[in-house]
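No lab work stands behind these numbers, since they all come straight from the coordinates. Computed from a predicted structure; not experimentally measured. Cβ atoms come from the backbone with ideal geometry, glycine included; neighbour counts cover every protein chain shown.
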Ligand code: M6R
């Protein structure tokens, strides 16, 4: 969480920093600040609240002068959102300013150490110790002072550091938190994410754990953890800034929902050639795949829900046992992993701290890690044995939609690929499944055309206080995602249950008018699901069902309203059925006046455990 940006060059820094921070606001948005070097000293302006408050305070950056600076947008960990706890943090002397993403785990010891030497602290944050420590060690060489300070730090960090003595230098360092340096004719940058600099340049250097970068207006020099110079490759980003902009839509979330057919095509097309699933991206041999004893799928949030769908599909097609684990639990549950265990890590950002920790634990235990990641060059992508990119493009809305859909698409390809290697599907079935897979984007387009109907349904139910989602098998996995989507952006309490489980307790919460959203797409268990719908109807619940063209006849008899999707092979139903659920959540949140792209208390990239 938290977004960092830094600029040093020939132009005024403050407007550039504000623009960069706008694109990083998805990483946190409870406070923001900048530190600008005016040629003599560091000027720090920071405030609690959204970036626009900071921007208003400094007239869009025009009232603060200087050609170098660092900026930050925060998601609070240590200390509530307040002016004092906002970044940049400055040392007592006013000579060192720091922006930070991550967590300094031993900050209390360091704080005690510095306090005993007369340092006074002005915030409750862990970050402030970095500023004070760098100042404490400074004896004429900023890079060495940063190096000494970092030597004492435990935890994760991406840091941007400036000193009053150096108007033309920014020092950056990172470990377990993403940071890039970027180069352009008009100056150089650091940022948590390339989207912050794309307006100015596409040439970026991905900093590795333990590396330092020293930026001047003309150069970016990178050093390893011993401060030895490192030659770094400059990567060229080939996607356009427009993909990180709203393009006329009111919200990023809506734009990203609408982009789904296109990005799913992009994800699948290069991997299906002559009706064969080709996964050039990965190096798993047929022998290895045949010998897999277990597959662990490890992820958080919506990515975990994708894992739930993948479990059903991989077990069904490839006949390998699959366990889906929440990344935050995986490493603490003594997982049984050996060299025959394939651990699939799913992450849009590739920087989710829990998933990173789980991936490292899986590797330590000898497992082979295959990751499904959207952000190219992210930590999870870099550290995995194999990676399949989802090619969804930048996803800005905190609530994931198109990344979820492309993750699903990759898991379908993987399921078919594994089944083919294991010899568990025959040629006809293989061909039929690939054919069905290719119909997904067009069928989603059909669903999107009917969005006004879903908007109408949202208008019927947006005032509900509690909403339950139910479904069986793959519909249960889908319900988990439908429920998360709704609650995270509309703030309506919602939970998802395996439909057969409701009667074991939760049904006591169903009363007159309670809305139950029933996922009833999985034909094989349709009658069972209908029985569960009837049970809640008998308690006077309102039922809104998601079903298929072929299921709608039966489902209509027990539902108050329906969202109908085209028919498709049962393995791929969640790709279609999630779309009305995303739209429903979106329209409900819209009617409730919620901040859809930046829901309260959340951040897009969860880089703390
Ligand atoms: O970047 P990741 O896929 O690792 O993120 C995992 C979750 O934080 C994420 O899916 C989260 O649940 C979203 N807010 C859901 O919309």
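Could you list 27, 539 so that the one with the fewest beta carbons within 10 Å of its beta carbon is first and the one with the most is last? Can you show the working numbers first?
Numbers: 27 29, 539 14.
By the 10 Å Cβ count, ascending: 539, 27.
State the volume of the convex hull built on the alpha-carbon positions of the range 271-311, expressed per residue in Å³ and rounded to an integer. Can you show the working numbers first?
Working: hull volume 4.6 nm³, N = 41.
Here the figure is 113 Å³ per residue.
Return the whole-Å distance between the Cα centroid of the range 1-53 and the Cα centroid of the range 508-552.
49 Å
Report the full-extension gain for the segment residue 448 to residue 428: residue separation times 0.36 nm, less the Cα-Cα distance, to one decimal in nm. The partial results should precede the final answer.
Details: separation 20, 0.36 × 20 = 7.20 nm, distance 3.12 nm.
Full extension from residue 448 to residue 428 adds 4.1 nm.
Most exposed first by the Cβ proxy, i.e. fewest other Cβ within 10 Å, how do 547, 195, 216 rank? Let's see the in-between values first.
Working: 547 27, 195 24, 216 16.
In increasing order of surrounding Cβ atoms, one gets 216, 195, 547.
Under the definition of Cα pairs under 8 Å and six or more residues apart, what whole-number percent is the relative contact order of the range 3-238?
20 percent
Provide the gained length on full extension for the span residue 246 to residue 595, in nm with one decimal, where the gain is 0.36 nm per separating residue minus the Cα-Cα distance.
The span from residue 246 to residue 595 would gain 124.1 nm if fully extended.
With the cut-off at 1.5 for a/c, could you classify the range 3-238 from its C-alpha gyration tensor as rounded, prolate or oblate?
rounded
Over the chain, what is the mean sequence separation of C-alpha contacts under 8 Å (at least six apart), divided by residue count, expressed as relative contact order in percent?
Over the chain, the number comes to 12 percent.
Only helical DSSP H runs with n ≥ 4 go in: add -39500 (n - 2.57) per run for the chain, normalise by residue count and round the 222 nm mean residue ellipticity to 500 deg cm²/dmol.
Details: 20 runs with 215 residues, N = 609.
Value at 222 nm, helices only, nearest 500: -10500 deg cm²/dmol.
Can you give the Kirkwood hydrodynamic radius of the range 449-609 from its Cα pairs, in Å with one decimal?
Details: mean 1/r = 0.0638 Å⁻¹.
About 15.7 Å, per the Kirkwood formula over Cα pairs.
Using the 10 angstrom Cβ neighbour count as an exposure proxy, how do 390, 341 rank, fewest first?
Going from least to most buried by this count: 341, 390.
So what is the relative contact order of the range 125-225, in percent, for Cα pairs below 8 Å that sit 6 or more residues apart?
21 percent
Answer rounded, prolate or oblate for the range 328-427, using the Cα gyration tensor with square roots of eigenvalues a ≥ b ≥ c: rounded when a/c is under 1.5, else prolate when a/b is larger than b/c, else oblate.
Details: a/c = 2.00, a/b = 1.05, b/c = 1.90.
Verdict is oblate for the range 328-427.
Output the 0 to 90 degree angle, nearest 10, between the alpha-carbon long axis of helix 427-437 and the longest principal axis computed from the alpha carbons of the chain.
Helix 427-437 sits at roughly 60 degrees to that axis.
Mind checking the angle between helix 13-24 and the chain's longest principal axis? C-alpha axes, 0 to 90 degrees, to the nearest 10.
Once rounded, one gets 20 degrees.
Using the Kirkwood radius over Cα pairs, work out the Stokes-Einstein diffusion coefficient for the range 64-179 at 10 °C and 1.306 mPa s, in µm²/s as a whole number. Walk me through the numbers before you get to the answer.
Working: Rh = 14.1 Å.
Roughly 113 µm²/s, to the nearest whole number.
P(r) for the chain, please, calculated from all Cα pair distances in 20 Å bins and given in %.
Percent of pairs per bin, in order: 20, 49, 27, 4.
Roughly how tilted is helix 402-422, in degrees to the nearest 10 and between 0 and 90, from the longest Cα axis of the chain?
60 degrees
Which value in Å is the Kirkwood Rh of the range 468-541 over different Cα pairs?
12.1 Å
Using the C-alpha atoms of the range 533-609, what convex hull volume per residue, in cubic angstrom, is computed? All intermediate terms of the calculation are to be shown ahead of the outcome.
On the way: hull volume 13.1 nm³, N = 77.
Looking at the range 533-609, the number lands at 171 Å³ per residue.
Taking the Cα centroid of the range 75-131 and of the range 568-590, what is the distance between the two, rounded to the nearest whole Å?
44 Å
Under the rule a/c < 1.5 gives rounded, and otherwise a/b versus b/c splits prolate from oblate, where does the range 242-438 land using the Cα gyration tensor?
It comes out oblate by the Cα gyration axes.
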